[in-house]
Amino acid sequence: MSGRLFIQTLRWQRVRLAVVVLAGIAWGALLPVIYNAFSEVIRDLANSGAFPEEMLNIGSGSLFTLPGTITLGLQHPLALAMLGIFAVGGSSTAIAGERARGTLEVLLARPVSRVSLYLSILAALLLTVAIVLSAILGGMVGSATVTGLASELDLGPMPIVFLNGFGLWAAFTTFGLAMSVTFDRPGPAIGLSLAWLLIHYFVEILGSLWTDAAWAQAYSLLHHFNPGEILTGELDPLDLVIVYAAAIVPLIYALLVFPKRDLAAPA
Amino acid sequence: MEGTPPAPVISIRALTKHYGSVEALTDLTLEVNQGEIYGFLGPNGAGKSTAIRTLLGYLHATRGTASVLGMDIATESVEIRRLTGYLPGGIALYDSLSGEQVLDYLVDMQGRQPHRRAELCERLELPTSVLKRKVRDYSRGMRQKIGVVQALQHDPELAILDEPTEGLDPLMQHAFYSILDDLRREGRTVFFSSHVLSEVERLCDRVAIIRAGRLMAIHDVGELLARRRRRVTVRWRGAAPDPASLPGLEDVQVDGNRIIGMLSGEVAGFVRSIASPNLDDLIIEPASLEEAFLEYYASEEPGQ
């Protein structure tokens, strides 16, 4: 791995990262506040039967409990966007973008192997994902403490929540990078990586809203990250296995394919 | 007793690169020796960049072998690039960085000290004020100059330059030529591709001519220039003599009192043969590599 390339990749992302970290902290902090303000109302609404309970959920999360709110917050499109900026946008453009701009030429003129280049960029992107995830979780925990909800939250399993969430977004990151090493232009790489994320999101939401399709949720990677269950001691270890396996498969693909690719002169 | 000649810096044996049915490069064989400036000449699309990119590991050879600095291109590409400086054709740089940051970044990645940077920047007229500006504000020529500096700043054992003077103004081209002259004096090896014949003529010890992916000829530039035909125009006061009496003159056209033709062979014999009180004017145009090059391309098919 090239330390210089790792650092430079982080530098490219630093402004974006700073903005997203602030947004992540704010979003994380907002969730316990929303829970505090609306959980009773939502519960009454569910009890009234006016709305089916499924309609009051987002994916596997809900506002009925604080852990459920945390799940909701991490499956919400805003969280997906914040993490996806790096896991999908950053990864899919990382190598294909350098290739399209022609700067990959100059980079690969240095004594750095393609495997090393790939691993350096991957490590930097995974670090950004970890930072954003930490910011969101940190915002949640901090806000829960400030709003007096700490008693509803067992912080013991929080490292597992982080590990599970990191594995999930690592899977999207390695998929994006796999696309990035496959294509010469960032367009197809971004398109396929985004489609991959949206398919998982669609399946997760569809299954949560329509009980007949609930079986399909097991095929969504997002379904295998449920902080609410982890925080209430209901961790399914298979969830960890699935998300990390989903991260490793594209990684192996990229390590096999990228070194063998012909990199013709950019147009 | 003579010692063993040093191993060639670049040794290419039957290097072939096909993209499906497209033959980008076929059976290229050549050697570049230590301290040589070697020109790789051919029109656009001839396969020059394909050959260079295969040497540096961007492309994988369909068949054939090559070594650079004694190392196999298939298995020791990283080490080759550590000792090599490469200027890609139409270089792209990081627009959001300054020229100085680009050079710092690339030399850091190279893992060597930028021993030559200050000297190169001075000769290519890249003062600190320019280097502090963002690359996005650079003209094409400025980018090319940064490209030359990044390729040579770490004082590589071998420089591989793909059309290095593209975008440089004539003044900077001459500055670049003098940099290469110095590299030659220091025993460095330079392998560069070009379709600009005059610079090959000006710089190179040897030249390989490539066309449609196939090597057509390898020449010592000095020999090529010496054996080339020269364009001759002779004018007499009064009637021109019989062209058959002029030794070495071919493709003759007689226009009144003027004879125009191509002279091959010795100039002295020809001048003696036309010496007469009636000789009014004599023009022997300086030999140019371009004519020899065009003669090759006109008369020979690839592989012949």
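Tabulated data
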| quantity | calculated |
| --- | --- |
| Cβ-placed point charges (K, R +1; D, E -1), dipole of region B:90-223 about Cα centre in debye, nearest 20 | 320 debye |
| Dipole of chain B, positive end: most advanced residue of B:Ala51, B:Val68, B:Met142 [Cβ charges, Cα centre] | B:Met142 |
| Simple Cβ-charge dipole of the protein assembly as shown, Lys/Arg +1 and Asp/Glu -1, about Cα centre, in debye nearest 20 | 820 debye |
| All lysines inside 24 Å of B:Lys145 as judged from Cα atoms, apart from same-chain residues fewer than 8 positions distant | B:Lys48, B:Lys132, B:Lys134 |
| Calculated P(r) of the protein assembly as shown - Cα pairs past 35 Å, % | 54 percent |
| Dipole in debye (nearest 20) - chain A, about Cα centre, beta carbon charges: Lys, Arg +1; Asp, Glu -1 | 1600 debye |
| Residues A:Trp27, A:Trp210, sorted so that the one with the fewest Cβ neighbours within 10 Å comes first | A:Trp210, A:Trp27 |
| Cα-derived Rg to Rh of chain A, Kirkwood definition | 1.02 |
| Zone of B:His18's modelled label, taken as backbone nitrogen in region B:195-218 under 19 Å from a point 7 Å along Cα→Cβ | B:211-215 |
| Share antiparallel - DSSP beta bridges, the protein assembly as shown, percent rounded to 5 | 65 percent |
| Dipole of the protein assembly as shown, positive end: most advanced residue of B:Gly269, B:Gly39, A:Phe86 [Cβ charges, Cα centre] | B:Gly269 |
| Kyte-Doolittle at least 1.0, axis length at least 24 Å by Cα - qualifying DSSP helices, chain A | A:114-146, A:158-182, A:186-209, A:237-257 |
| Spatially proximal aspartates and glutamates relative to B:Lys17 (Cα-Cα < 16 Å; intrachain offsets below 8 disregarded) | A:Asp262, B:Asp27 |
| Label point distance in nm, B:Ala226-B:Asp72, each placed 7 Å from Cα along Cα→Cβ | 4.0 nm |
| Over the protein assembly as shown: helical MRE at 222 nm, DSSP H runs n ≥ 4 each giving -39500 (n - 2.57), nearest 500 | -16000 deg cm²/dmol |
| Kirkwood hydrodynamic radius of region B:186-272, Cα pairs, Å | 15.8 Å |
| Backbone N under 20 Å from the A:Leu206 label point (7 Å along Cα→Cβ), restricted to region A:61-79 | A:61, A:75-77 |
| Fully extended contour minus Cα-Cα distance, from A:Ala214 to A:Lys260, at 0.36 nm per residue | 12.4 nm |
| Rounded if a/c under 1.5, otherwise prolate or oblate - region A:71-216, Cα gyration tensor axes | oblate |
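Values in this text are rule-based calculations from the coordinates and carry no lab data. These numbers come from a predicted model, not from an experiment. We place every Cβ from the backbone using ideal geometry, glycine too, and count neighbours over all the protein chains shown.
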